[in-house]
Amino acid sequence: MIDARVVIVGAGQGGLQAAMSLRQDGHQGPITLIGGEPGLPYQRPPLSKAYLKSGEADKLVLRPADFFAKKGITLRDGTWVEAIDRTARTVHAEGEALPYDRLILATGTRNLVPPIAGVSRALGLRTLEDARRLRARLTAPCRIAVIGGGFIGLEFAAVARSLGHEVHVAEAAPRLMARVLSPDMSDRFRRMHEGIGTALHLGRGVTEVTDEGIVLSDGQVIAADLVLLAAGVRPNTDLADRAGLAIDNGVRVDATLRTSDPDIFALGDCAAFPDPRTGRTIRLESVQAATDHARAIARTITAGTDAPYEAVPWFWSDQADWKLQIAGLASPEDDSVAVDDHTVLRFADDQLSAVETINNAKVHMKARKLLAGTTPPARDMLAAGDYDLTSV
Amino acid sequence: MVKLTYIEHDGTETVVEADPGDTVMSTAIANGIDGIVGECGGSMMCATCHCYVDDAWTDRTGDRMDGEDDMLDCAASEVRPTSRLSCQIKLSEDLDGLVVHLPEEQV
């Protein structure tokens with residue numbers, strides 16, 4: 001349906017990519033891209049990295065203003081969608097009903113706010129506005145407490161240390177980035193962060209945020225002038241839920257990324273989709289999932305095909321001078337094999353499930369290729385070659 | 001300002017004025033050049049800003065950066081001796097007049 005009216009709710013990287021890919025694939029119908037935040041679509045990953053140092057917001061913009069007119073994409077920024085009427089096939093925003101033939105939900109996530117006393121004293125880091133506010137606080141020496149030892153918290157902590165601030169990170173789990181990393185890799189990152197002078201408080205949650213700092217679960221008080229809450233995110237599913245679409249830790253979609261309504265798709269951080277390798281329902285928070293989902297949906301809409309989504313997941317995180325790269329997707333219970341100082345392989349049922357590397361682009365890219373096949377490499381085959389992926 | 005020319009696969013030529021310090025990738029994005037995607041924003045996580053440096057300029061753009069070869073291995077179009085990731089070419093007065101050619105596909 002190359003003349004379908006397409007409405008995209010959410011103008012982050014995934015929503016924008018869907019609009020761009022539709023045009024690239026020859027879509028001729030009108031495309032409306034609706035974003036809740038004001039301004040042009042921008043990149044989020046640098047908000048916890050380069051932007052905090054440089055403050056160059058114009059460098060974050062994904063495409064310039066005239067791009068949208070040139071491509072025939074109507075961008076409605078600063079606009080919140082209130083409801084979807086699936087019977088009339090309209091989207092309701094600010095008193096207006098926008099008709100659609102195909103609807104794409106790219107609503108992303110919002111920060112999880114755990115039930116901690118005084119948590120509203122903490123700042124978050126998700127939008128450009130959040131990053132601006134944090135950055136303004138980093139201009140004078142201060143004591144910083146970060147709640148959460150995941151990607152965002154640790155990236156922020158590393159930047160804050162490099163600027164000379166005193167930094168504490170409290171993580172309720174016994175190790176860093178526990179949801180996505182092997183214990184071995186978590187430990188390497190623990191040593192690196194301790195090495196640059198960050199105080200880590202592992203296995204200790206935060207029970208209170210006060211005007212003086214944070215209180216840990218064992219009663220220890222960490223004095224802080226600035227508290228960052230980085231305890232993960234929740235998918236924005238309210239709109240889909242109210243429209244009666246199936247929800248399962250995200251907007252549930254099938255292998256073609258369609259929701260329970262075949263005219264409505266969901267992509268990126270908000271979409272719960274079947275893992276092409278295991279069949280489990282998963283939800284990924286990454287640039288890769290957002291843009292690969294977007295391209296797949298654009299193909300489905302323009303070509304009318306039903307090819308299943310099957311891209312290999314990949315992730316990255318920049319912390320101090322370490323670039324962590326992950327290819328594939330491991331479950332926390334997957335086996336780990338530490339190959340060298342830079343590489344850990346993960347295995348599920350004796351098949352390669354993921355590869356974690358530090359500053360090792362060669363192995364990372366090789367892993368992305370190896371995991372792209374229909375059958376992941378077997379453990380005994382890799383063991384026979386001393387787990388050297390580059391020789392496979 | 002530095003003059004920079006992009007020649008797309010279909011022959012479309014675009015001449016832009018760029019700021020020293022910016023990269024060939026970020027300048028392309030800011031000027032709406034279709035042949036550059038730059039999906040990871042210059043983090044060396046993808047190969048969607050692949051370009052071919054014009055033969056007359058390869059001496060001045062210098063060698064590939066650490067890890068660039070590995071990323072180019074996954075480029076969607078043919079990799080040639082002049083292939084670079086445009087996010088790794090930082091513009092300077094030295095590169096005033098630079099010409100880069102863009103491949104057919106980036107994804």
Q: Given a cut-off of 22 Å, name the pairs among A:Lys53/A:Lys323; A:Lys49/A:Lys323; A:Lys323/A:Lys369; A:Lys369/B:Lys90; A:Lys362/B:Lys3; A:Lys70/B:Lys90 whose C-alpha atoms lie farther apart than that in the structure shown.
A: A:Lys369/B:Lys90; A:Lys362/B:Lys3; A:Lys70/B:Lys90
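Please give the calculated 222 nm ellipticity per residue for chain B, where each DSSP H segment of at least 4 residues contributes -39500 (n - 2.57) and the sum is spread over every residue; nearest 500 deg cm²/dmol?
Numbers: 3 runs with 16 residues, N = 107.
Taken over chain B, the calculation gives -3000 deg cm²/dmol.
For every helix of n ≥ 4 consecutive DSSP H residues, a contribution of -39,500 (n - 2.57) applies; sum these over chain A, divide by its total residues, and give [θ] at 222 nm rounded to the nearest 500 deg cm²/dmol.
Working: 10 runs with 98 residues, N = 392.
Theoretical 222 nm ellipticity from helices: -7500 deg cm²/dmol.
Share of antiparallel DSSP beta bridges in the protein assembly as shown, in percent to the nearest 5?
60
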Q: Compute the distance in nm between two label points, each set 7 Å from the Cα along the Cα-to-Cβ direction, one at B:Arg64 and one at B:Asp10.
A: 2.9
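Sorted from fewest to most neighbouring beta carbons within 10 Å, what does the list B:Cys87, B:Cys74, B:Cys40 look like? Walk me through the numbers before you get to the answer.
Numbers: B:Cys87 28, B:Cys74 18, B:Cys40 22.
If I rank by nearby Cβ atoms, fewest first, I get B:Cys74, B:Cys40, B:Cys87.
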Q) Once fully extended, how much extra length lies between A:Asp25 and A:Thr139, figured as 0.36 nm per residue of separation less the alpha-carbon to alpha-carbon distance? A) 36.5 nm
(Q) Please list, by residue number, every one of the GluC sites (Glu not before Pro) in the stretch A:304-370 that is coil in DSSP and has at most 11 other beta-carbon atoms within 10 Å. (A) A:Glu333
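Cut-off is 10 Å between beta-carbons; in what order do A:Ile247, B:Ile33 appear when sorted fewest neighbours first? Don't jump to the answer; show the numbers that get you there.
Numbers: A:Ile247 17, B:Ile33 23.
If I rank by nearby Cβ atoms, fewest first, I get A:Ile247, B:Ile33.
Could you compute the FRET efficiency for A:Asp184 and A:Asp3, with r as their C-beta to C-beta distance and R0 at 51 Å, rounded to 0.05? Write down the numbers at each step before the final one.
Working: r = 53 Å, r/R0 = 1.04.
Working from the Cβ atoms, E equals 0.45.
Quick check on the exposure proxy: order A:Trp316, A:Trp322, A:Trp80 from fewest to most C-beta atoms within 10 angstrom.
Working: A:Trp316 20, A:Trp322 15, A:Trp80 12.
Result, fewest neighbours first: A:Trp80, A:Trp322, A:Trp316.
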(Q) Run the simple label-point estimate for A:Asp218 and A:Asp275 please: 7 Å along Cα→C-beta, distance reported in nm. (A) 3.3
Q | Inter-label distance, nm, simple model (7 Å from Cα along the C-beta direction), A:Asp66/A:Val337 | A | 5.5
Q | Scattering profile of the stretch B:29-107 at q = 0.12, 0.18 Å⁻¹ [log10 I(q)/I(0), Debye over alpha-carbon scatterers] | A | -0.29, -0.68
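Given that compact globular proteins tend to follow 2.2 N^0.38 Å, what is the ratio of the alpha-carbon Rg of the protein assembly as shown to that value?
Cα-based Rg divided by the globular estimate yields 0.98.
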(Q) I need the phi-derived Karplus couplings for the stretch A:288-296: 6.51 cos²θ - 1.76 cosθ + 1.60, θ = phi - 60°, integer Hz, Gly and Pro marked x. (A) 4, 5, 4, 7, 5, 4, 4, 5, 5
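Using only the Cα atoms, work out Rg/Rh for the stretch A:321-391, with Rh taken as the Kirkwood radius, to two decimals.
On the way: Rg = 11.0 Å, Rh = 11.9 Å.
That ratio is 0.92, to two decimals.
Values in this text are rule-based calculations from the coordinates and carry no lab data. Just so it is clear, the structure is predicted and the values come from calculations on it, not from any experiment. Using ideal geometry, Cβ is built from the backbone for each residue, glycine included, and neighbour counts are taken over all protein chains shown.
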